[in-house]
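First comes the structure, then the notes that go with it.
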Amino acid sequence: MSTVASVHEVPAAEWEHLARPAGLYLSHRWLAGEEDDPTATRAYALVRESDGTLLAAAPLHVVHDEPNDSYQPETVLPPHLRPRVIAGARRGYHNAPLTAPGLAPGRRDACLTRLRDAARRFAGHHGTTHWWPYLTAEAATRLAPLYPEPAHRLEDDALIPLPGTGVDDYVSSLPAQRRAGVRRERREFAASGVEIRRQVLADCSEDAAVLLAGHQQDHGHGRDGIDAMTGLLKRQATAMGSEARVVATYDGDRMTGFCLSYHYGTRTWIRAVAFDRRHPTPHLYFNLMYYLPIEAAYAHGTTALHAGMAAIEAKRRRGARISGLYALVDRPGAPLPAGPLGQFVEGGPLGAVRVLGDVLDPQVHRVREA
């Protein structure tokens, strides 16, 4: 077991071998960009085989100031739980521990134990506890036996499958009663004559920030003003480069709406959508949120659109599959593993670690809703 201070200390190809199945917000490039955010201090727990092969990893963040209400423990967790260290992804509402594809269940569980112990030591070093926010159902089920608290259900998550090779295949996959509505929303939007531009975020971050700040203010996020949103989007534009794709609508030179998305792995990930409510365009939101990104996803060759949280019924009506997002939280006073931070917990090769699945009844540790 070891820890490093920056994801730059891990070769990108090594990290991506683990991260690509897990999602955008655990990718090497995304995490590297987030290291410029001064609101947290980071470390990265690594589990390696004796020959140096990377088997598992997890970012660890000790949070100094959390501007996002949805990542504040006092907002989403029971009152007795107040961790300050986040394990895994800190942004994007999609989280999982990273383990190498194809690991046998016993070796995978041993790796998860080591990641938990590393997070526990890191948090203890900072006088606090840790939590994994917005875990996928699969990740929560695998991690749940390692934690004293049952998993807390936080939100629903929406993923829209994209069968076939084009938008017509997507529409045909919907229930019959929805196909006509989707076709009408696309047709009337197209008939409006609104100008559509596709560009990289770096070329339009300031215009997008104005719309995003307005959207955040409308939803009660008072700290997310234009300056804050401009800084956020410029940081993403610098870190992600040509991967940060924007489809936007314009009235002359004025941006009236945009969707920021990323193609990563087998999915297209919606990051942000905002539009000017004072500039009516038929079905503008639905086209920015779903249909224009779906067109881009098919063009890029991804097979699903990650539509995220909120407005779940609207997403379900457009073909989304819904699953839960969970939090797992460590208990204050949990025993710290022996050994200094960054050293092997067990002191031997990975195969010598005791496998929890051999001693715990799996029926007892299913994910439960709070």
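If you bin all the Cα-Cα distances of segment 29-85 at 10 Å, starting from zero, the percentages per bin are 19, 39, 28, 12, 1. When each of the peptides 281-291, 95-105, 70-80 is scored by the mean number of other C-beta atoms lying within 10 Å of its residues, the order from highest to lowest reads 281-291, 95-105, 70-80.
For A311, no residue whose modelled amide H falls within less than 5 Å of its own remains once neighbours fewer than 5 places apart on the same chain are excluded. In plain terms, the bigger the Kirkwood radius, the slower the diffusion; for segment 57-152, with that radius from Cα pairs, at 10 °C and 1.306 mPa s, Stokes-Einstein puts D at 115 µm²/s.
With the simple model of a label 7 Å out from the Cα in the direction of the Cβ, V200 to S242 spans 0.7 nm. Computed with the Debye formula from one identical point scatterer per Cα of segment 163-302, without solvent, the log10 of I(q)/I(0) at q = 0.14, 0.18 Å⁻¹ comes to -0.67, -1.06. Taking label positions 7 Å along the Cα-Cβ direction at both I312 and D37, the computed distance is 2.4 nm, reported to one decimal. Packing around the peptides 2-9, 123-130, taken as the average count of other Cβ atoms within 10 Å per residue, puts them in this order, highest first: 123-130, 2-9. The alpha carbon convex hull volume per residue for the chain rounds to 143 Å³. Among A119, A244, A89, the largest mean-square fluctuation in a Gaussian network model of the chain (Cα springs under 10 Å) belongs to A244. Computed 3J(HN,Hα) for segment 161-167, one whole-Hz value per residue from the Karplus formula 6.51 cos²θ - 1.76 cosθ + 1.60 where θ = phi - 60°, is x, 10, x, x, 10, x, 4, glycine and proline marked x. For segment 1-112, the convex hull spanned by the alpha carbon atoms encloses 113 Å³ per residue. With a point put 7 Å past each Cα toward its Cβ, work out how far A180 is from D227 in nm, to one decimal. Between A180 and D227, the simple spin-label model gives 5.3 nm.
Coordinate-derived values only; no laboratory data. Every value quoted in this text rests on a predicted model; they were computed, and no experiment measured them. All Cβ positions, glycine included, derive from the backbone under ideal geometry; neighbour counts span all protein chains shown.
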